[in-house]
Amino acid sequence: MHQAKVVELKKLNKKIHHITLKVNPNQNFSFTTGQFISINVAPEQYRPYSIASSSKYKNKIELIITAQHNGNGANYIKNLKLDDVVNFNGPFGVFTLKQSIHNNYAFIATGAGIAPILPMITDLLEQDKTSNIHLYFGVSNKSQVFYLSKLKTLKNKYPNFNFDLCLSKENKDLKFKYKKSRVTQAINIKNDCNYY
């Protein structure tokens, strides 16, 4: 069992919470970008949450979590306060970047599912300046959009990165560019591409 302190809490929209945890360096905790941890949310109850930060930040864990209902996990997340201590196990999972012969990458995510995807993309962009990296990110409507400015910053910084924002239930003209479709309808399937 590991412990971490809550050092930052943000609401990205009505249901998405962004939480930053600081792990004590003497706990010898390490992970690979894309893995997840299992948080002790109630006695004998654990919930898995993907790590939304890069493994290069060894003692920092960021989480992007949907918490709008009244389950034990959601209530635990909604009631967290700064300096609370979080108990967790892990890391777990094999959803990590793999070596490949292809130089095209497509990442597909909806809502909080972008948690393991975004740090994978940032790691890849820092390591690989030549591969084409494309993100397909979907939410229902304008009120659920988050990280748009972060994605625009990445696009401006890295010429080999692009993204499609897909809003499946939005019909209005907005101040930003988006596709009026489900994320699965926007994907351009290629044979020489790595899909995540």
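Go through segment 79-118 and count every residue that is under 18 Å from the mean Cα position of the chain (by Cα), exposed (fewer than 15 other Cβ atoms within 10 Å of the Cβ) and under 22 Å from Ala4 (Cβ atoms). Let's see the steps before the verdict.
Taking segment 79-118 as the starting set, the residues that turn out to be under 18 Å from the mean Cα position of the chain (by Cα) are 90-98, 105-118.
Checking the rest, the ones that are also exposed (fewer than 15 other Cβ atoms within 10 Å of the Cβ) come to 92, 94, 98.
After this cut, where a residue has to be under 22 Å from Ala4 (Cβ atoms) as well, the list is 92.
Total satisfying the criteria: 1.
Scanning segment 47-78 for residues that are in contact (Cβ under 8 Å) with a residue 40 or more places away in the chain, open to solvent by 80 Å² or more (accessible area, probe 1.4 Å) and over 15 Å from the mean Cα position of the chain (by Cα) yields Lys56, Gln68.
Selection of segment 146-162 for residues being more than 22 Å from Tyr195 (Cα to Cα) and open to solvent by 30 Å² or more (accessible area, probe 1.4 Å) yields Ser149, Thr153, Asn156, Lys157. Across segment 12-30, the number of residues qualifying as under 17 Å from Ile114 (Cβ atoms) and open to solvent by 70 Å² or more (accessible area, probe 1.4 Å) comes to 1.
Among the residues of segment 80-104, those identified as over 21 Å from Phe36 (Cβ atoms) and in a loop (DSSP other than H, G, I, E, B) are Lys81, Leu82, Asp83, Gln99, Ser100, Ile101, His102, Asn103.
Report, by residue number, each residue of segment 126-145 that is open to solvent by 50 Å² or more (accessible area, probe 1.4 Å) and of a type outside the set (Gly, Ala, Ser). Residues satisfying the conditions are Glu126, Gln127, Lys129, Thr130, Asn132, Lys142. Cβ-Cβ contacts under 9 Å between residues 6 or more apart (or on different chains), taken from a first residue in segment 1-24 that is touching a residue at least 12 places away in the same chain (Cβ under 8 Å) and assigned to a loop (DSSP other than H, G, I, E, B) to a second residue that is open to solvent by less than 90 Å² (accessible area, probe 1.4 Å) and hydroxyl-bearing (Ser, Thr, Tyr), are listed as Leu12/Tyr147; Asn13/Ser143; Lys14/Ser143; Lys15/Thr66. Among the residues making up segment 1-11, those that are open to solvent by 70 Å² or more (accessible area, probe 1.4 Å) and of a type outside the set (A, V, I, L, M) are Gln3, Lys5, Glu8, Lys10, Lys11.
The values are calculated or read from the model by the stated rules, or taken from the named source; none is laboratory data. All of these numbers come straight from a predicted model, not from anything done at the bench. No Cβ is skipped: glycine too gets one built from the backbone with ideal geometry, and neighbour counts run over all protein chains shown. When the accessible area is computed, the model is the full protein with side chains, heavy atoms only, and any ligands, DNA or RNA have been set aside. Shrake-Rupley method; radii C 1.70, N 1.55, O 1.52, S 1.80 Å.
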